[in-house]
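Only one structure is covered here, and it is reproduced in the block below.
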């Protein structure tokens, strides 16, 4: 299984709303005694962990959000997959309240450029998604600034709890499958 945690590389972005996916895979790596290390072939920071009986590749693309899917071609050479549902993407989600985590199979991209890039590079939108809510700004014209900003302290606490829940959701999905994970985490 390949898991992409979406975000932007560099210290300027590491605590922003747009980097929650990257934070979640870093959490899963740490829980499993691994560190994300540079992998040139996949243009990502990569860790290989065992969750249950599954080997899972955790990748944080270093291509910036809009080109996140480019990491998949290198990853799929190293970790061949037979189906799009062997790819999980963890990402921020404007359509969910801050900190709320939901899992889904397939779907649209809702204007998320990282997801668009994954669809283009995978050739399918049928991958699995773990979405971490960030809410919406008051004005749609403030969208870019909103996703690329660090949440204020109270909201930050809520979204960081969402990162922990997303890490739990990934572990549940790997061990017990997508349907079980959706039943457990989407009912919250």
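The values are calculated or read from the model by the stated rules, or taken from the named source; none is laboratory data. Note that the coordinates shown come from a computational prediction; the quantities given were computed from them, not determined experimentally. Virtual Cβ from ideal backbone geometry, glycine too; neighbours counted across all protein chains shown.
Answer yes or no as to whether residue 93 is at pLDDT 95 or above, surrounded by fewer than 17 Cβ atoms within 10 Å (Cβ to Cβ) and out of contact with any helix residue (DSSP H, G or I) (no Cβ under 8 Å at 6 or more places or on another chain). So residue 93 does not fit the description; no.
Filter region 157-179 down to the residues that are part of a helix (DSSP H, G or I), out of contact with any helix residue (DSSP H, G or I) (no Cβ under 7 Å at 6 or more places or on another chain) and free of Cβ contacts under 8 Å to residues at least 60 places away in the same chain and list them by number. Selection gives 157, 168, 176, 179. Where strands (runs of 3 or more DSSP E) sit wholly within region 44-104, those with at least 2 residues that are in contact (Cβ under 8 Å) with a residue 60 or more places away in the chain and under 22 Å from residue 177 (Cβ atoms) occupy 54-61, 87-93. Select from region 14-41 the residues that are surrounded by fewer than 18 Cβ atoms within 10 Å (Cβ to Cβ) and either touching a residue at least 40 places away in the same chain (Cβ under 8 Å) or touching a helix residue (DSSP H, G or I) at 6+ places or on another chain (Cβ under 7 Å) (or both) and write down the one among them that is nearest to residue 87 (Cα to Cα). Top of the filtered list is 41. Selection within region 109-119: residues that are part of a helix (DSSP H, G or I) and within 19 Å of residue 23 (Cα to Cα). The member of this set that is farthest from the chain's Cα centre (by Cα) is 113. Under the condition of being touching a strand residue (DSSP E or B) at 6+ places or on another chain (Cβ under 9 Å) and part of a loop (DSSP other than H, G, I, E, B), the residues counted in region 17-43 number 7.
With the checklist (1) within 16 Å of residue 119 (Cα to Cα); (2) touching a strand residue (DSSP E or B) at 6+ places or on another chain (Cβ under 6 Å) in hand, flag the one item residue 81 doesn't pass. Among (1) within 16 Å of residue 119 (Cα to Cα); (2) touching a strand residue (DSSP E or B) at 6+ places or on another chain (Cβ under 6 Å), residue 81 violates only (2). Here is the figure for region 120-154: residues that are within 16 Å of the chain's Cα centre (by Cα) and in a loop (DSSP other than H, G, I, E, B) total 5.
Restricting the first member to region 108-124 and to residues that are at negative phi and free of Cβ contacts under 8 Å to residues at least 24 places away in the same chain, and the second to residues that are assigned to a helix (DSSP H, G or I) and surrounded by 15 or more Cβ atoms within 10 Å (Cβ to Cβ), the beta-carbon pairs closer than 6 Å and six or more apart or on different chains are 109/115; 109/116.
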